[in-house]
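Novice: Can you keep this structure in mind? I'll have questions shortly.
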Amino acid sequence: MSEYVFLYRGGEAGRSPERVQQSMQKWMAWFKELGQKGHIKDQGQPLERAGKLVKGKQKTVTDGPFAEAKDIVGGYTLIEARDLDQAVELSKGCPILEVDGGVEVRPVMKLNM
Amino acid sequence: MELSEHLFRHEAGRMVATLTRIFGTHNLALAEDVVQDAFCRAFEVWKLRGIPENPSAWLMATAKNRAIDAFRRERTARTFEPELSRLIQSEWTLTPTVEELFASNAIKDDLLRMMFSCCHPRLPEEAQVALMLNILCGFSVDEVAGAFVSTHAAIEKRISRAKKVLAESRKLFDVSADSEFSARLPAVQRALYLLFNEGYHGASPESAVRADLCHEAMRLTAALLKHPLGETPATYALAALMHLHAARLPARMDASGHLSSLFDQDRSRWASNLVAEGQRFLDLSATGSDLTEYHVEAGIAWVHATSISTEETDWKHIVSLYDLLMTIRPSPVVALNRAIAIGQHEGPTRGLEEIHAIADRDRLANYPFYFAALGEFEFRNGKYDISQEEFRRALAVARNPMEREFLQRRISACEQANALA
């Protein structure tokens, strides 16, 4: 088994309370399924959209957000999968895809290659 | 932890009400933005970290923090109450002031205050109901339009006009003033009644949407009953009639998903717990001297709910209740229902006579069940040709696929009966 990070980009919560409720339920169902199949190493954390960017030798500080709303990473999850193909398959169930969001699937580098 | 049903919808009403009390009704849009923002936050956090122990408290605390941010951002751009304006200018007083405004004792009556505010005498009844659905029940404009089988544009116009009226009052309705409370209570009861009816008899083809409207009306009525001034015999009667009707909801569709009339419903599918609850409310409503239309309608619903079949129903009693209802709140629909009850009691010919005698029956020209009732009684009299014509008229004004399907089946029954005759 290898580890992968799912980075959740963009996607909106829903325009009405009932939509938020429905999206929420889809996420819960998706995580439940991943968990039951033993794919979740760490459910991860949500990230604030704003923040600071410190850059260069000058250590210049700029205020975030740093990308268009649709590209902002809103959170991550650490996944266990057989290989990249399986990790990608798993990400296809993510409800964020139904609301114009995306999942970036990134293999975690291994120590002993 | 599971997500309770319609959590966001129900919390939306409470949160918007509290924020509007604080911001003023002219800043309703700001209140709505803060709630949307809090929901987005909840969504981001909960989807990864799970539902917290107490989701309602979590959401209200988030709304409070967002309100503090909103004050920092808007304190120069917007107007608030003079006293509040002064307190939010300084960082020393901002947070404690907002904390106090969100104290559990302070937010207790907010939902009710918003409910009364929505029933402003300058608003037509349909605008009051739309506003309640939008603000207190968290229905988006599209969802309200779906419930009323109307267009997005029409509902948006209705709601935004209503919000302008609400904005002019600046403050939420004060539910602690006895005389004002009692003066507006009938309008609130009426709006809740109409909300329930929209769900029960409305035209939306989706039974789930309609059941939602009924449940929202019941939830808001329960909130009204919790207030000492709202807990009146009329409110109990209203709650009784909602429960007794809602008990029949599960049987309105037969096993194959077709609309089923009261006469054909499988009464074993009626919800006995709701009948019992309705009966309890009906008992509680039987005090004082006021007899409202809600008492009478609850009485009628109670007779149906406790009868084992159409044949065993005490139609004479039902006719007398409709007679009474005609003296309290006459309408062509009430007159039609009275005529149907007479037809059940004294036979189809009498039913037809009574329907033809309805004074303003031209107002029923778009009501499919007016023609369906005529068709039904003609059918029972063996006049299958006339019956079929009436059902065709009903079909022409039917409001959704379920009604059309129901009427189509009656037309087929006429054809079959005619072939056999």
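Values in this text are rule-based calculations from the coordinates and carry no lab data. Keep in mind it's a predicted model, so treat the numbers as computed, not measured. With ideal geometry, Cβ positions are generated from the backbone for all residues, glycine too; neighbour counts draw on all protein chains shown.
Novice: Which links in B:LYS64/B:LYS108; A:LYS32/A:LYS110; B:LYS47/B:LYS226; B:LYS108/B:LYS157; A:LYS26/A:LYS92; A:LYS26/A:LYS110 stretch past 22 Å when you go from one Cα to the other? Don't skip to the answer; put the middle values down first.
Specialist: Details: B:LYS64/B:LYS108 15 Å; A:LYS32/A:LYS110 27 Å; B:LYS47/B:LYS226 34 Å; B:LYS108/B:LYS157 31 Å; A:LYS26/A:LYS92 13 Å; A:LYS26/A:LYS110 32 Å.
Beyond 22 Å: A:LYS32/A:LYS110; B:LYS47/B:LYS226; B:LYS108/B:LYS157; A:LYS26/A:LYS110.
Novice: Pick out which of B:GLU354, B:GLU44, B:GLU198 has the largest mean-square fluctuation in a Gaussian network model of chain B, springs linking Cα atoms closer than 10 Å.
Specialist: Comparing B:GLU354, B:GLU44, B:GLU198 in a Gaussian network model of chain B, the most mobile one is B:GLU44.
Novice: Quick one: Karplus J couplings for the stretch A:45-58, per residue in order, coefficients 6.51, -1.76, 1.60, θ = phi - 60°, nearest Hz, x for Gly and Pro?
Specialist: 9, x, 10, 4, 6, 9, x, 10, 10, 9, 9, x, 4, 6
Novice: Given H placed on each backbone N at 1.01 Å, which residues far from B:CYS137 in sequence or on other chains put an amide H within less than 5 Å of it?
Specialist: none
Novice: Give me the one-decimal nm value for the distance between modelled label points at B:LYS108 and B:GLU312, 7 Å along each residue's Cα-to-Cβ direction.
Specialist: 4.6
Novice: Once you have a ≥ b ≥ c as the square roots of the Cα gyration tensor eigenvalues for the stretch B:263-421, tell me rounded if a/c is under 1.5, and otherwise prolate or oblate according to whether a/b is larger than b/c. Don't skip to the answer; put the middle values down first.
Specialist: Working: a/c = 2.02, a/b = 1.60, b/c = 1.26.
The shape class here is prolate.
Novice: Please tell me the relative contact order of chain A in percent, rounded to the nearest whole number, where contacts are Cα pairs under 8 Å and at least six residues apart. Each step should come with its number before you reach the end.
Specialist: Details: 182 pairs, mean separation 54.5, N = 113.
Relative contact order here is 48 percent.
Novice: Taking the 0 to 90 degree range and rounding to the nearest ten, how far is the long axis of helix B:55-74 tilted relative to the main principal axis of chain B, both from C-alpha atoms?
Specialist: 50
Novice: With a sphere of radius 10 Å drawn around the Cβ of A:LYS41, what net charge do the other residues whose Cβ falls strictly inside it have (Lys, Arg +1; Asp, Glu -1)? Don't skip to the answer; put the middle values down first.
Specialist: Values: positive: none; negative: A:GLU3, A:ASP42, A:GLU80.
Local charge sum for A:LYS41: -3.
Novice: Here is a further query. Calculate the FRET efficiency for B:HIS258 and B:ARG161 from the Cβ-Cβ distance with a Förster distance of 51 Å, rounded to the nearest 0.05. Mind dumping the intermediate values first?
Specialist: Numbers: r = 39 Å, r/R0 = 0.76.
The formula returns an efficiency of 0.85 here.
Novice: For chain B, modelled as a Gaussian network with Cα springs under 10 Å, which listed residue fluctuates most, B:HIS304, B:HIS227, B:HIS295?
Specialist: B:HIS227
Novice: Moving on. May I ask you to derive the FRET efficiency for B:LYS171 and A:GLU98 from their Cβ-Cβ distance with R0 = 30 Å, giving the value to the nearest 0.05? List each step's numbers first, then the result.
Specialist: Working: r = 41 Å, r/R0 = 1.38.
So, using R0 = 30 Å, E works out to roughly 0.15.
Novice: Taking beta carbons within 10 Å but only from partner chains, what does the mean come to for residues A:8-14?
Specialist: Values: counts 3, 0, 0, 2, 2, 10, 6.
Mean partner-chain Cβ count within 10 Å for A:8-14: 3.
Novice: Amide H neighbours of B:SER261 under 5 Å, counting only residues 5+ apart in sequence or on other chains, H built in-plane at 1.01 Å?
Specialist: Distant-sequence amide H within range of B:SER261: zero hits.
Novice: Can you give the mean number of other chain Cβ atoms that lie within 10 Å of the Cβ atoms in peptide A:40-51? Show your work: numbers first, answer last.
Specialist: Working: counts 0, 0, 0, 4, 2, 3, 8, 2, 2, 2, 0, 0.
Average per residue, whole number: 2.
Novice: Here's something else I'd like to know. For helix B:91-101, report the angle its Cα long axis makes with the longest principal axis of the Cα atoms of chain B; keep it between 0 and 90° and round to the nearest 10°.
Specialist: With rounding to tens, the tilt is 30 degrees.
Novice: Find how many whole Å separate the alpha carbon centroid of the stretch B:21-38 from the alpha carbon centroid of the stretch B:334-383.
Specialist: 50
Novice: A follow-up question, please. What list of ³J(HN,Hα) couplings, whole Hz, do you get for the stretch A:87-100 from phi and the Karplus terms 6.51, -1.76, 1.60, once you set θ to phi - 60° and write x for glycine and proline?
Specialist: For the stretch A:87-100, the Karplus curve yields 4, 5, 4, 4, 5, 5, x, 5, x, 5, 5, 7, 10, 6 Hz.
Novice: Roughly how far apart, in whole Å, are the Cα centres of the stretch B:256-278 and the stretch B:58-118?
Specialist: 46
Novice: Quantify how strongly other chains surround peptide B:1-12 by giving the mean number of their Cβ atoms within 10 Å of each of its Cβ atoms.
Specialist: On the way: counts 1, 2, 4, 1, 1, 3, 4, 11, 5, 2, 1, 4.
Neighbouring Cβ atoms belonging to other protein chains average 3 per residue here.
Novice: Sorting check: for B:33-42, B:319-328, which peptide has the highest mean count of neighbouring beta carbons within 10 Å, and how do the rest follow? Show your work: numbers first, answer last.
Specialist: Details: B:33-42: 21.7, B:319-328: 17.1.
The most tightly packed comes first, giving B:33-42, B:319-328.
Novice: Okay, moving on. Rank the residues B:GLU216, B:GLU156, B:GLU376 as a footprinting-exposure proxy: fewest other Cβ atoms within 10 Å of their Cβ go first.
Specialist: By the 10 Å Cβ count, ascending, the order reads B:GLU156, B:GLU376, B:GLU216.
Novice: Given the options A:ARG49, A:ARG82, A:ARG15, which has the most mean-square fluctuation in a GNM of chain A, springs set between C-alpha atoms less than 10 angstrom apart?
Specialist: Evaluated over chain A, the most mobile residue of the options is A:ARG15.
Novice: A:GLY75's amide H: which non-local residues (gap 5+, or another chain) put their own amide H closer than 5 Å, with H modeled 1.01 Å from N in plane and none for Pro or chain starts?
Specialist: Hits under the 5 Å cutoff: A:TYR8, A:LEU47.
Novice: Relative to the longest principal axis of the C-alpha atoms of chain B, give the angle of the C-alpha long axis of helix B:152-168, reported between 0 and 90° and rounded to the nearest 10°.
Specialist: 50
Novice: If you don't mind, another one. Which ³J(HN,Hα) values, rounded to whole Hz and listed in residue order, are derived for the stretch B:142-150 from phi using the Karplus coefficients 6.51, -1.76 and 1.60 in 6.51 cos²θ - 1.76 cosθ + 1.60 with θ = phi - 60°, glycine and proline given as x?
Specialist: Per residue, the Karplus-derived 3J(HN,Hα) values read 5, 5, 5, 4, x, 5, 8, 6, 10 Hz.
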